[in-house]
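Working notes for the structure below.
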Amino acid sequence: MLRIEGYVIVSADGMLADANRVMPEALKFKGDLEFFTAGLDRADVVVHGRNSFEDQPNSPLRKRIILTHRVTGIAAHPDNAKATLWNPAGASFDDACVHAEVRDGTAAIIGGPCVFEMFLDRYDTFWLSEAPHVTLPGGEGCFPGVPEDSPQAVLAAHGLQPREVKILDATNDVRVTAWRRIG
């Protein structure tokens with residue numbers, strides 16, 4: 001069985017990117033990067049949109065499923081043998097996993113907002129990192145509907161509950177909360 005885990009860091013106003021749809025330096029913290037990297041290193045596949053990536057030393061080693069409308073269903077990535085291109089309108093996530101040769105383990109969902117939204121009813125755990133002293137007015141929310149609704153309200157509305165909290169950067173008050181599906 002494949003476990004589904006989401007990973008994001010957001011500003012105090014729920015943004016994962018600035019108004020230019022770029023993750024600003026203000027949202028980058030060493031402790032969060034270490035937590036994120038360790039999670040991806042444990043994952044069997046990384047799932048993201050075509051504009052999201054983790055840009056880390058181990059990135060080329062990771063199997064990935066990239067959401068795109070440029071294919072009709074599922075296709076091999078033309079430049080990355082470890083990547084599967086997936087159009088959700090033409091194939092199921094399970095079919096994309098079969099193509100990627102991932103049948104069990106953990107899928108790490110790393111965004112963007114529409115990708116995060118697709119898995120809201122499937123997450124086993126959503127790791128929500130928060131930078132409470134950073135605001136990104138006009139930025140891109142981590143889910144559609146943010147900032148009208150908070151990321152926490154969106155997760156709760158989909159059956160996830162906050163569990164353990166870990167401090168990632170005490171100086172900047174950055175913490176990650178494990179939102180888990182109960183039952």
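Annotations
- From the options 22, 10, residue that is among the β-branched types (Val, Ile, Thr) and more than 24 Å from residue 180 (Cα to Cα): 22
- Every test in (1) among the β-branched types (Val, Ile, Thr); (2) under 23 Å from residue 2 (Cβ atoms); (3) surrounded by 14 or more Cβ atoms within 10 Å (Cβ to Cβ) is passed by residue 134 save one, and that test is (2).
- Pair list, Cβ under 7 Å, 6 or more apart: region 131-146 residue within 17 Å of residue 110 (Cβ to Cβ), other residue open to solvent by less than 20 Å² (accessible area, probe 1.4 Å) and assigned to a loop (DSSP other than H, G, I, E, B): 141/14; 142/14; 146/14
- Test: residue in region 48-69 that is in contact (Cβ under 8 Å) with a residue 12 or more places away in the chain, of a type in the set (Asp, Glu) and under 27 Å from residue 145 (Cα atoms): yes
- Selected residue (criterion: most open to solvent (accessible area, probe 1.4 Å)) from residues of region 1-30 that are part of a loop (DSSP other than H, G, I, E, B) and either closer than 19 Å to residue 119 by Cβ or among the hydroxyl-bearing types (Ser, Thr, Tyr) (or both): 1
- Residues in region 25-34 that are over 24 Å from residue 180 (Cβ atoms) and touching a residue at least 24 places away in the same chain (Cβ under 8 Å): 26, 30.
- Filter result (out of contact with any strand residue (DSSP E or B) (no Cβ under 7 Å at 6 or more places or on another chain) and modelled with pLDDT of 95 or more) within region 77-113: 87, 89, 90, 92, 93, 94, 98, 101
- Just so you know, in region 135-179 the residues that are in a strand (DSSP E or B), more than 17 Å from the chain's Cα centre (by Cα) and among the β-branched types (Val, Ile, Thr) include one that is nearest to residue 12 (Cα to Cα), and it is 174.
- Strands (runs of 3 or more DSSP E) enclosed by region 31-125 - at least 1 residues per element that are open to solvent by 90 Å² or more (accessible area, probe 1.4 Å) and closer than 25 Å to residue 158 by Cα: none
- All conditions but one from (1) under 15 Å from the mean Cα position of the chain (by Cα); (2) among the charged types (D, E, K, R); (3) within 26 Å of residue 169 (Cβ to Cβ) apply to residue 3; the one that does not is (3).
The values are calculated or read from the model by the stated rules, or taken from the named source; none is laboratory data. Since we're looking at a predicted model, the values are computed, not measured. Note: ideal-geometry Cβ built from the backbone for every residue, glycine included; neighbour counts use all protein chains shown. In case anyone asks, the SASA skips ligands and DNA or RNA and just uses the protein heavy atoms, side chains included. Shrake-Rupley method; radii C 1.70, N 1.55, O 1.52, S 1.80 Å.
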